[in-house]
Amino acid sequence: MSGADLHMLAGAYALGALEADERAAFEEHLADCEACAVEVAEFQATSARLAQAVAETPPTAMKQQVLRRVAEVRQEPPHVELPAPRVPSAPARARRGARFALAASLAAAVALGGVAAWQYSRAQDAHQQAQQAQAETAQIAAVLSAPDAHAVVGAVGGAGQGGHATVVTSHSENKAVFLTPGLPELPSGKTYQLWFNDAGVMRPAGLVAPGASDQTILLKGPLAQAEGMGITVEPVGGSLHPTTAPIALMPFPAA
Amino acid sequence: MDAGPADRASPEARGCGYTVDGPHSRRGDGSEPTFLGTPPVPGQRPEDLLVQVARGNQDAFAALYEHIAGPVLGIVRSVLRDPAQSEEVAQEVLVEVWRTAARFRPDKGGALAWVLTIAHRRAVDRVRSAQAATDREHKAALLDQTPAYDEVSEAVDHRLEREHVRRCLQALTRTQRESVVLAYYRGLTYREVAELLAVPLGTVKARMRDGLIRMRDCLGVTA
């Protein structure tokens, strides 16, 4: 069934009028179609109004019965994606065609999508933030699953500190994604800042949220002709130009 | 039997400012899709309660119950008809809400929409599994267009909402209204609706979508 055909099913879906197999196909489509998701959410809110219009006052005994059952029913835990497998700490080296690792990272990136919105959180309200996070998650997913995605793993910080990170670049997406299971903790007032290396000129590419361990960050700005990326320690809020020596420089594979 | 082109909105039309600006349209007035007459208490919106329920808060569930039990029972009863079976399924739905509350995503829609989607699905599952054994009974009975809201006692809290929805349903074209009512209030699939109304499948799909677009705009629903 084509996308347009599936799109026409939004009404039937929200009215609960699809057979189980069509419902599953539509939900799969829904995951990739933001316009459909918005429409379906509105339609479901509309169906909810139809249900409210036939609301009935339940028998008084029902509440006690339900509360008693609830007290004995174990709740499902929140759905948590397992983090990506830890990449071994190693000197910077290019890894080509690491599709399996990328797929695993993709799962983690989707789960951690909210993290990527951090750098915008002060300026935007929660709604925009959620949309931003969704857009970033989609962009992150696009980079990680791009046919030309390349991963570079590098050590971060001095010996003994044990930090490491992966950067995935895609020229077709013109973006880079930075993944790390955790960077060494910084004194308060300091933050990690990411940079694109444009032939030796460092271009700001966003800050790393403090405190969080697993990080999946879409670098701000286009990949363009950047030759690599760097990480520096900057005052909170970031800098326009690096003010300290980079704790890591990771070269990108050539386009 | 249909109105003309106004009855058909292409998928793209929505993005081009297509609205049905009927006399009852009040889209964008920020009305809460909860019980009229029950002003929302901060921290007591169904969405907030459901988030607390996901953390195992039974008091929050008891408060949420007051918001959802009536509509859950109502829609289940509308689809199933049998009062005893409806109460049983409604209870199962309410327990399922407790059990699976962690799946609720506030950014994907409201709590009532989430709960009532579960309720409708469970009612329909029950009907369809029962019908897999016996053949569907008298289709003539299903053609009875009287929406279920005519048959239930009118609690004061729900009367305004009921009136509003009724007015909006009446503003639909006949095929739109029949498609929406048969699917949602009676639990039919769109194939069954198409057969019952003797119209092509594609027409029914389109009418369901157009009908919901008009209902959405008439009711002033925002996701």
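Values for this structure:
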quantity	calculated
Kirkwood hydrodynamic radius (C-alpha pairs) into Stokes-Einstein, the range A:3-70, 37 °C and 0.692 mPa s, D in µm²/s	235 µm²/s
Whole-Å distance, taken between Cα centres, linking the range A:177-241 and the range A:39-60	47 Å
Rounded to the nearest 20 debye, dipole of the range B:40-135 from Cβ charges on Lys, Arg, Asp, Glu	280 debye
Of A:Ala14, A:Ala41, A:Pro58, farthest towards positive along the dipole that unit charges on Lys, Arg, Asp, Glu beta carbons give the range A:3-70	A:Pro58
Eligible lysines near A:Lys190 by straight Cα distance, threshold 21 Å, same-chain separation 8 or greater	A:Lys220
Within the range B:184-223: Cβ-based charge dipole about Cα centre, in debye rounded to nearest 20 (Lys, Arg +1; Asp, Glu -1)	60 debye
Given A:Lys63/B:Lys205; A:Lys175/B:Lys205; B:Lys108/B:Lys205, the pairs whose alpha carbons are separated by over 30 Å	A:Lys63/B:Lys205; A:Lys175/B:Lys205
Percentage of interatomic Cα-Cα distances in the range A:196-236 larger than 13 Å	56 percent
Sparse-neighbourhood loop sites, GluC sites (Glu not before Pro) in the range A:6-46 - DSSP loop, at most 15 other Cβ within 10 angstrom	A:Glu19
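Since every read-out is calculated from the coordinates, none of them should be taken as a lab result. Remember, it's a predicted structure, so these values are computed and weren't measured experimentally. Note that each Cβ is placed from the backbone with ideal geometry, even for glycine, and that neighbours are counted across all protein chains shown.
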